[in-house]
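Remarks on the structure that follows.
The values are calculated or read from the model by the stated rules, or taken from the named source; none is laboratory data. Predicted, not measured: the structure shown is a model, and the values here were computed from it. Virtual Cβ from ideal backbone geometry, glycine too; neighbours counted across all protein chains shown.
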Amino acid sequence: MASSIAPPAAGTTTPAPLPLKAIAPWALFAGVLMLVLLYFVGAEQGATSLLSGSDVHEWLHDGRHLLGFPCH
Ligand SMILES: [Zn+2]
């Protein structure tokens, strides 16, 4: 059975493979950033609130409703 992937044409370059060790710290950083964002959108209210007042909650209120988090 012939392979369906054509060999690279002459003169073209193939991209270097991306090693997992090189992107792992950035993936971890992006994951932590997403978790922080998820906390502020979804849980920065009431008993789980880290910041006093409701400013953060009001700023993220539309996103909270858009993503379906329980609110009011
Ligand atoms: Zn609401």
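Of the residues that sit in segment 16-72 and are assigned to a helix (DSSP H, G or I) and within 11 Å of the ligand (Cβ to nearest atom), which one is surrounded by the most Cβ atoms within 10 Å (Cβ to Cβ)?
Arg64
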Fill in the blank from the handout: Ala10 meets each of (1) within 16 Å of the ligand (Cβ to nearest atom); (2) small (Gly, Ala, Ser); (3) at pLDDT below 85 with one exception, condition (1)
Exercise for the section: From Val32, Val36, Val56, grab the single residue that is free of Cβ contacts under 8 Å to residues at least 40 places away in the same chain and touching a helix residue (DSSP H, G or I) at 6+ places or on another chain (Cβ under 8 Å). Expected result: Val56
